[in-house]
1. List the chymotrypsin sites (Phe, Trp or Tyr not before Pro) in segment 158-238 that DSSP assigns to loop (not H, G, I, E or B) and whose Cβ has at most 13 other Cβ atoms within 10 Å. Which are they?
2. Gain in length, R101 to D163, computed as 0.36 nm per residue apart minus the alpha-carbon separation, to one decimal in nm?
3. Provide the convex hull volume over Cα atoms per residue for the chain, in Å³.
4. With a 1.4 Å probe and every protein chain kept in, tell me what percent of the accessible surface of the chain is carbon plus sulfur.
5. Can you spot the lysines whose alpha carbon is less than 19 Å from K213's alpha carbon? Ignore those fewer than 8 places along the same chain.
6. Counting pairwise Cα distances across segment 159-287, what percent come out greater than 24 angstrom?
7. Convert 37 °C to kelvin, take the viscosity as 0.692 mPa s, use the Kirkwood radius over C-alpha pairs of segment 99-146 as Rh, and evaluate the Stokes-Einstein diffusion coefficient in µm²/s, rounded to a whole number.
8. For segment 23-111, what class follows from the C-alpha gyration tensor (a ≥ b ≥ c being the square roots of its eigenvalues): rounded when a/c is under 1.5, otherwise prolate if a/b is larger than b/c, else oblate?
Amino acid sequence: MTTDHFKSRLERNDIVLAPGVYDALSALVAEQAGFEALYLSGASIAYTRLGRSDVGLTTYTEVQDTLARITERVRTPVIVDGDTGFGNALNVQRTVRALERAGAAMIQLEDQTFPKRCGHLDGKAVVPAAEMQGKLRAALDARAHRDTLILARTDALAIEGLDAALDRAEAYLDCGVDALFIEALRTPEQMAAACGRFASRVPLLANMVEGGKTPVQDVDELGARGFRIVIFPGGTARAVAHTLAGYYASLQRHGSTSPWRDRMLDFDALNELIGTPELLARGQRYA
């Protein structure tokens, strides 16, 4: 499925499962596993490019550059986390244009203040709903193609409560956004309330964070509730960090990778995965 077809895919009732990716290699492996969409989070870019927390340190250019490298390598649609749009409504327009040029299928924008932080960390704050509505209208006006989708996220639940978060989502939907994301729903009852109000009207995204605020459920449970997109955004980075910790500890202890070989690709297998034989053959056409 290409970016152009992602909008029509979301019109179906069955849910789209989008794993988190953070670079071209993770995106390629996810595409080869058969996923219909990928999710590039600002948190994963902070974890992997900066070795830092998701507390607003990631820049607009780092997100754009990471996205462009991914979409140059894979054809699977990418949902990209545009954070707050990196400023006011005019900054949002610049962000949307850049991420659209870099190949985004869907651009997520949230209503946190700057500096923002991970939706599952405490201490968040949100801008006034009217300010966020202006930023969303700016985003919709900025996109060059209507197939580039705008996803509105609200983090208001932790600050203002569930009713206010749902009212904000309603106001954002009134702007004409293509999908909604109510962050950090804490109970099945809150998830049911969000789905009851919006699931029949617009694609609703569920965010599964291992150890986060929202109870982790599988794709079938979430689809039955009415969610149309589910992301596991940081699971990839957490899995990789766990694997690397074990690998490096083993190498330090044994002075060799031999004890780890059954958990690694060898040289030829990695080259097969990334398409080295095909790339070299293509080069020979121009020799």
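The values are calculated or read from the model by the stated rules, or taken from the named source; none is laboratory data. This is a predicted model, so every value here is computed, not measured. Glycine gets a Cβ as well: all are built from the backbone with ideal geometry, and neighbour counts include every protein chain shown. For the accessible areas, the whole protein counts, side chains as well, though only heavy atoms, and no ligand, DNA or RNA atoms are used. Shrake-Rupley method; radii C 1.70, N 1.55, O 1.52, S 1.80 Å.
1. Working: sites: Y172, F181, F198, F227; in loops: F227.
Passing sites in segment 158-238 do not exist.
2. Extra length available between R101 and D163 comes to 18.7 nm.
3. 147 Å³
4. Numbers: 7000 of 13590 Å².
Of all accessible area on the chain, carbon and sulfur atoms account for 52 percent.
5. K116, K124
6. For segment 159-287, the share of Cα pairs beyond 24 Å comes to 54 percent.
7. On the way: Rh = 12.4 Å.
D, rounded to a whole number, is 266 µm²/s.
8. It is oblate, given that a/c is not under 1.5 and a/b is not larger than b/c.
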